[in-house]
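Dropping the structure in here first, questions after.
We did not get these values from a lab; they are worked out from the coordinates using the rules stated. Worth saying up front: this structure is predicted, and the values here are computed from it rather than measured. No Cβ is skipped: glycine too gets one built from the backbone with ideal geometry, and neighbour counts run over all protein chains shown.
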Amino acid sequence: MKRAILLGPQGSGKSTQSQLMADTLGVKKISSSGLLRQLIAEGGDLGKKIDKIMDEGSLIPDKLMIDLFFEELKKPEYKEGFLLDGFPRNLAQAKALDKEHQIDRVFNLEISDELAIERISGRRVCKNRHVFHIKYNPSRKVGICDLCDSQLLQRDDDVPGAVSKRLEIYRETTSKLLDYYKEQDKLVVFDGSGSIKEVSDMIVDYLTEHAG
Ligand SMILES: [Zn+2]
């Protein structure tokens, strides 16, 4: 179970749970956003190219994404295993990955669209990127950041219409991925609708029980 993939829609708590999952599996995780940020920060030709693509709001082409992950996976720290977060994103990427690496398990952290929209559209962020949630983590004063007294605002990307549009695209591409891994008998689905603690406990229990 040491070579794994974590899937899940925005709002599923995927990024929160991925570190715990990697730690429990005893492997390092690679997230696509982390990898892209790292390359941009390094400032090389590739980083500049990625920065430009993301600036335009375009998706990183499959070929480039596959090359980036394959290059990263060559590093010795992934020899014993890895947890991938944000890759593969579609069937083409999954098939390319299968040619180079044996994947043991694919975890899907699932929540309903309603809950995803509630979790994301309830977010409020200040200019210093302190994040609150109107229901799950409210600031003491409505609309004011507890930490820096700045105004809390909803990001344009977080309004319900924008979220449901992203979810629709996500569902469309991911359903094919899920079918693909299900046919290979590698898919494990976790219910991500509980609290962070409840979901963490469930994941750790499962991974401990199925270790080896
Ligand atoms: Zn703040």
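Residue by residue through the range 156-161, what is 3J(HN,Hα) from phi via Karplus (6.51 cos²θ - 1.76 cosθ + 1.60, θ = phi - 60°)? Round to whole Hz and write x for glycine and proline.
Once θ is set to phi - 60°, the couplings for the range 156-161 become 4, 5, 9, 5, x, x Hz.
Per-residue HN-Hα couplings for the range 9-19, Karplus 6.51 cos²θ - 1.76 cosθ + 1.60 at θ = phi - 60°, whole Hz, x for Gly and Pro?
Taking θ as phi minus 60°, the curve returns x, 4, x, 7, x, 4, 5, 5, 7, 5, 5 Hz for the range 9-19.
In nm, to one decimal, how far is the Lys99 label point from the Met1 one, both placed 7 Å along Cα→Cβ?
Result: 3.1 nm between the two label points.
Calculate, in nm to one decimal, what Glu77 and Lys176 gain on full extension: separation in residues at 0.36 nm each, minus their alpha carbon distance. Present the calculation step by step, with values, prior to reporting the outcome.
Working: separation 99, 0.36 × 99 = 35.64 nm, distance 3.04 nm.
Gain on stretching Glu77 to Lys176: 32.6 nm.
Sticking with this structure for a sec: Give the long-range amide H neighbours of Val188: residues separated by 5 or more places, or on another chain, with amide H under 5 Å away, using H modelled in the peptide plane at 1.01 Å from N.
Residues meeting the amide H criterion: Val106, Phe107, Asn108.
Under a Cβ-Cβ limit of 4.7 Å, which cysteines in the chain have nobody to pair with?
Cys148
If you plug each phi of the range 78-92 into the Karplus form 6.51 cos²θ - 1.76 cosθ + 1.60 with θ = phi - 60°, what whole-Hz ³J(HN,Hα) values come out, in order, with x for Gly and Pro?
Rounded to whole hertz, the list is 9, 4, 7, x, 6, 10, 9, 10, x, 8, x, 9, 8, 4, 4.
Follow-up question, since we're still on this one. Counting other Cβ atoms within 10 Å of each Cβ, which chymotrypsin sites (Phe, Trp or Tyr not before Pro) in the range 69-160 have at most 11 and sit in a DSSP loop?
Details: sites: Phe69, Phe70, Tyr78, Phe82, Phe107, Phe132, Tyr136; in loops: Tyr136.
Within the range 69-160, no chymotrypsin sites (Phe, Trp or Tyr not before Pro) qualify (loop, at most 11 other Cβ atoms within 10 Å).
Express the relative contact order of the range 1-129 as a whole percentage, based on alpha carbon pairs under 8 Å and six or more residues apart in sequence. Could the numbers behind the result be given before it?
Values: 134 pairs, mean separation 63.2, N = 129.
Relative contact order here is 49 percent.
Under the rule of -39500 (n - 2.57) per DSSP H run of 4 or more residues, summed and divided by the residues of the chain, what mean residue ellipticity at 222 nm is obtained, to the nearest 500 deg cm²/dmol?
Details: 8 runs with 103 residues, N = 212.
Value at 222 nm, helices only, nearest 500: -15500 deg cm²/dmol.
Further, regarding this structure: Between Asp156 and Leu59, what is 0.36 nm times their sequence separation minus the Cα-Cα distance? Round to one decimal in nm. Numbers along the way, then the final one.
Working: separation 97, 0.36 × 97 = 34.92 nm, distance 1.85 nm.
In short, 33.1 nm is gained.
If the chain between Lys127 and Lys165 were fully stretched, how many nm would it gain, using 0.36 nm times the residue separation less the Cα-Cα distance?
Working: separation 38, 0.36 × 38 = 13.68 nm, distance 2.52 nm.
Computed gain between Lys127 and Lys165 is 11.2 nm.
With an 8 Å Cα cut-off and a minimum separation of 6 or more residues, compute the relative contact order for the range 70-142 in percent. The partial results should precede the final answer.
Values: 21 pairs, mean separation 8.6, N = 73.
Across the range 70-142, relative contact order equals 12 percent.
Amide H to amide H, which residues 5 or more places from Phe82 or on other chains are under 5 Å from it, using H placed in the peptide plane?
Those qualifying (amide H under 5 Å, at least 5 residues apart or on another chain) are Arg3, Ala4.
Right, next: Calculate the spin-label point distance for Lys49 paired with Val204, positioning each point 7 Å from the Cα along the beta-carbon direction, and give it in nanometres.
Modelled inter-label distance: 4.2 nm.
On to the next question. Relative to the first principal axis of the alpha-carbon coordinates of the chain, what is the inclination of helix 32-42, with its axis defined by its Cα atoms, in degrees from 0 to 90 and to the nearest 10?
Helix 32-42 sits at roughly 80 degrees to that axis.
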